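Trainee: Mind looking over this structure? Questions follow.
Please treat every number below as a calculation from the coordinates, not as lab data. Not measured: the values here are computed from a predicted model. Glycine also receives a Cβ, built like all others from the backbone with ideal geometry; neighbour counts cover every protein chain displayed.
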Amino acid sequence: MEASHDRIDVSLFARVWVMVSPVLERVGLATSRRRLVSGLSGTVVEVGAGSGVTFEHYPPEVARVVAVEPDPHLRAHARRYAARARVHVDVVDAVAEALPLADGEADAVVFGLVLCTVPDVPAALAEARRVLAPGGELRLLEHVRAEGRLGRLADRIAPVWSRLGGGCHPNRDTGQTLSEAGFDVSGLRTRSFPPVLPLTPILSGSARRR
Ligand SMILES: C[S@@+](CC[C@H](N)C(=O)[O-])C[C@H]1O[C@@H](n2cnc3c(N)ncnc32)[C@H](O)[C@@H]1O
């Protein structure tokens, strides 16, 4: 039997996400996902793996992916993608705030469009730090709060957006939170893609423990 957690159950958002993500892949997200995991090797933790659309992009040097996904509906889809992946993927029922790995077990921790939704980001980043091996890296592809007018608009729509979007926040300053959590963020870049809220701007790249 799988562990139960105090969190979202089979949500409407999960069902919508399964339908929407293939469309996002086609408009350019697939390229970003490939970049997100390129060059990785060894043991990788993918946090909030969703329906598993990133699995196909892992390079063969990756020995094992531990794909953490708390939503049962998305987990079921992820297991299907895992069965087709060219690397070994274990899809597990867990949350970012309590990763099922020993200290220093992971060569990389991957966050793709998930830190917008995780309820306790500092706790999730502390867990990422704990499980990363010395020299390990955190890989990131996250939408964050925009500057100026777009940012203020994101602040205004945040309550409704969060309710409709499975807890997604369009206005998190994830770069700042990473820095406060002790990561060197100089390897991260911000860019517009696509030019619509809440998917812009995107913060991506690699961060290491300071
Ligand atoms: C927008 S979806 C993105 C899914 C996937 N990473 C992708 O890029 O397609 C957000 C994901 O965060 C997951 N999530 C929400 N809270 C979480 C938590 N506390 N720990 C881990 N994942 C969480 C959701 O279940 C969902 O899979």
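Trainee: Out of all the residues in the stretch 68-101, which are part of a strand (DSSP E or B) and within 9 Å of the ligand (Cβ to nearest atom)?
Mentor: Val68, Val95, Ala98
Trainee: Can you spot a residue in the stretch 76-85 that is touching a residue at least 24 places away in the same chain (Cβ under 8 Å) and within 24 Å of Arg130 (Cα to Cα)? Before you say what the answer is, go through the steps one by one.
Mentor: Taking the stretch 76-85 and keeping what is touching a residue at least 24 places away in the same chain (Cβ under 8 Å), we get 77-82, 84-85.
Retained after the next criterion (residues that are within 24 Å of Arg130 (Cα to Cα)): none.
No: zero hits.
Trainee: Give the stretch 171-210 a look and list any residue that's assigned to a loop (DSSP other than H, G, I, E, B) and touching a Ser or Thr at 6+ places or on another chain (Cβ under 8 Å), or say none. Break it down into steps so the answer makes sense when it comes.
Mentor: Within the stretch 171-210, the subset assigned to a loop (DSSP other than H, G, I, E, B) is 171-173, 181-182, 185-187, 192-201, 210.
Listed by number, the residues that qualify are Val185, Gly187, Ser192, Phe193, Pro194, Thr200, Pro201.
Trainee: Can you list residue pairs whose Cβ atoms sit under 6 Å apart, with the first residue in the stretch 22-35 being of a type outside the set (Phe, Trp, Tyr) and the second being surrounded by 14 or more Cβ atoms within 10 Å (Cβ to Cβ) and part of a helix (DSSP H, G or I)? Count only pairs 6 or more apart in sequence or on different chains.
Mentor: From the stretch 22-35, the pairs are Arg33/His57; Arg34/His57.
Trainee: Something else: State which residue is nearest to the ligand (Cβ to nearest atom) when the search covers only the stretch 39-67 and only residues that are of a type in the set (Ser, Thr, Tyr) and within 11 Å of Val110 (Cβ to Cβ). Write out each step before concluding.
Mentor: From the stretch 39-67, those of a type in the set (Ser, Thr, Tyr) are 41, 43, 51, 54, 58; that's our starting set.
Subset that is within 11 Å of Val110 (Cβ to Cβ): 54, 58.
Values: Thr54: 6, Tyr58: 14 Å.
This residue is Thr54.
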